[in-house]
Amino acid sequence: MMISEKMKPMIQNSSVIRAMFEEGIKMAAIYGKENVYDFSLGNPSVPAPECVKQAILAELEQTDPGLLHGYMPNAGYEDVRQAVADSLNRRFDMDYDASNIIMTVGAASGLNDILKTILNPGDEVITFAPFFVEYVSYVKNYDGILKVVPPDTKTFQPDLDGMEEMITEKTKAVIVNTPNNPTGVVYSEDTIRRMGEILTKKSQENGQPIVLISDEPYRELVYDGVKVPYIPKFYRDTVVVYSYSKSLSLPGERIGYLAIPKAMTDSAEVIAAATIAHRILGSVNAPSLMQRVIKRCVDQTTDVSIYDRNRNLLYQSLKEYGFECVKPEGAFYLFVKCPGDDEAAFCQACKEEHILVVPGSSFYCPGFVRISYCVSYEQIERSLPAFQAVARKYGLI
């Protein structure tokens, strides 16, 4: 075969989430879009804030096209990076400046930038199940080894004792994602503080720092007054990976950033290397127009109350029908326990009622399914009789 040996397993493990999304398109053509309840993809249904449209128009009308559409420093426009730094300083009492920020092509680009920067072949990266499955491929891209801490399926808070047991002299990084995809759980401040203490101790024992990579595309999507701890406040060797895909409803525009604190070990060298990694991975720089938009909209967010309304309707309804799940504090997903623990049978039972969900094994947590509620409220309402039918099949009601 022409393809590389490294690519073969990646093809075999191609995203189940995307496959379900494509299946939804086929079913909609057969049954009608209004009769298919696609909860597979985390594609925001809430429109981008008005400021995004106005920022795009203003940039197109007011900015020199040579500046707007041209190259800039690989890390991004300095004034945009300074605007991001100022926002983080205001919100989290940090001391960032433009030099600590690298504008990226979304969070996926940022994760690849920092992993390429720090990993040698055979280095180990730890993460907590359930997790966004692309972490597997991102670590393999640089010949690293991903080690997965099994989940606590009661609370879905990370098992820190399990993390500590997995750390070896080869451990180079830990990836955390809070608010979490797929559970919607927010890691508590006590959890983050203890995690930092463990990593500090283990870094000293190993004689090299363990980098904590905080993957934060859902930071702004939280409910009921929940606060998301800002992890660099609790552990100095933290790199924040951020995307505006969810907070500004811009998943197709691919814009985000890396934040690398001054306090981080070898901070200047890490920043320089990550900037070069961004270029040689093929991004060159983040999209110029969207960088300019972010400067104008840096403190704006989408209307989270819409997702909150969806969350409450779906969660309360499914609980009423006898399903089990932890109420999400953030993001826009429900992680529902499969009756009988056979996720394949449960997904099929849902599909028979035209409901599309993602199996938990896609997140290294079998026996559950992810339901993405970033859809219209009307779709959730229309889907409830179908969920009731599934519940009856399992004798829940």
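Which one of these is at positive phi and of a type in the set (Asp, Glu): ASP224, ASP215? Even if it seems obvious, please write down each step before you answer.
Numbers: ASP215 fails: at positive phi.
On inspection, the qualifying residue turns out to be ASP224.
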Enumeration of residues in the range 211-259 that are part of a loop (DSSP other than H, G, I, E, B), of a type in the set (A, V, I, L, M, F, W, C) and farther than 25 Å from PHE332 by Cα: PHE234
Filter result (hydroxyl-bearing (Ser, Thr, Tyr) and over 18 Å from CYS297 (Cβ atoms)) within the range 41-98: SER45, TYR71, TYR96
Residue among PHE156, PHE92 that is surrounded by 20 or more Cβ atoms within 10 Å (Cβ to Cβ), of a type in the set (A, V, I, L, M, F, W, C) and touching a residue at least 40 places away in the same chain (Cβ under 8 Å): PHE156
Residues (without any contact (Cβ under 8 Å) to a residue 60 or more places away in the chain and over 12 Å from GLY256 (Cα atoms)) located in the range 285-319: SER305, ASN312, TYR315, GLN316, LYS319
Candidate set: the range 189-218, residues that are surrounded by fewer than 18 Cβ atoms within 10 Å (Cβ to Cβ) and touching a residue at least 40 places away in the same chain (Cβ under 8 Å); chosen: the one nearest to PRO261 (Cα to Cα): ARG193
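Conditions tested, residue by residue: (1) touching a strand residue (DSSP E or B) at 6+ places or on another chain (Cβ under 9 Å); (2) closer than 23 Å to LYS33 by Cβ.
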residue: GLY322; (1), (2): no, no
residue: PHE332; (1), (2): yes, yes
residue: ALA349; (1), (2): yes, yes
residue: HIS354; (1), (2): yes, yes
residue: VAL369; (1), (2): yes, yes
residue: TYR377; (1), (2): no, yes
Only one of ALA263, ALA274 that is assigned by TED's automatic domain parsing to the domain that holds ALA173, touching a Leu at 6+ places or on another chain (Cβ under 7 Å) and not in a strand (DSSP E or B): ALA274
Flag if GLY282 is part of a helix (DSSP H, G or I) and free of Cβ contacts under 8 Å to residues at least 24 places away in the same chain: no
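Residues in the range 371-379: is at least one assigned to a strand (DSSP E or B) and either outside the structural domain of GLU329 (by TED's automatic domain parsing) or at pLDDT 95 or above (or both)? Even if it seems obvious, please write down each step before you answer.
From the range 371-379, those assigned to a strand (DSSP E or B) are 371-372; that's our starting set.
From what is left, the residues that are either outside the structural domain of GLU329 (by TED's automatic domain parsing) or at pLDDT 95 or above (or both) are 371-372.
Yes, the conditions are met somewhere in the range 371-379.
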Filter pass, SER243 being of a type in the set (Ser, Thr, Tyr), within 30 Å of PRO73 (Cβ to Cβ), crowded, with 24+ Cβ neighbours inside 10 Å and at pLDDT 95 or above: yes
Subset of the range 268-314 (residues that are under 21 Å from the mean Cα position of the chain (by Cα) and over 29 Å from VAL211 (Cα atoms)): CYS297, GLN300, THR302, ASP303, VAL304, SER305, ILE306, TYR307, ASP308, ASN310, ARG311
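Go over the candidates SER247, SER267 one by one and state the one that is of a type in the set (S, T, N, Q), touching a residue at least 24 places away in the same chain (Cβ under 8 Å) and in contact with a helix residue (DSSP H, G or I) (Cβ under 8 Å, 6 or more places away or on another chain). Steps first, answer last, please.
Values: SER247 fails: in contact with a helix residue (DSSP H, G or I) (Cβ under 8 Å, 6 or more places away or on another chain).
Answer to the check: SER267.
Would you point out the residue of the range 52-67, among those that are within 15 Å of VAL80 (Cβ to Cβ) and part of a helix (DSSP H, G or I), that is modelled with the lowest pLDDT? Reasoning before the result, please.
First pass over the range 52-67, keeping only residues within 15 Å of VAL80 (Cβ to Cβ): 52, 55-56, 58-59, 63, 67.
Remaining after also requiring part of a helix (DSSP H, G or I): 52, 55-56, 58-59, 67.
On the way: VAL52: 98, ALA55: 97, ILE56: 97, ALA58: 96, GLU59: 95, LEU67: 84.
Among those that are within 15 Å of VAL80 (Cβ to Cβ) and part of a helix (DSSP H, G or I), it is LEU67.
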Subset of the range 302-333 (residues that are surrounded by fewer than 16 Cβ atoms within 10 Å (Cβ to Cβ) and part of a loop (DSSP other than H, G, I, E, B)): ASP303, GLY322, LYS327
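The values are calculated or read from the model by the stated rules, or taken from the named source; none is laboratory data. Values in this document were obtained by computation on a predicted structure and should not be read as measured data. Here Cβ is always computed from backbone atoms with ideal geometry, including for glycine, and neighbour counts include all displayed protein chains.
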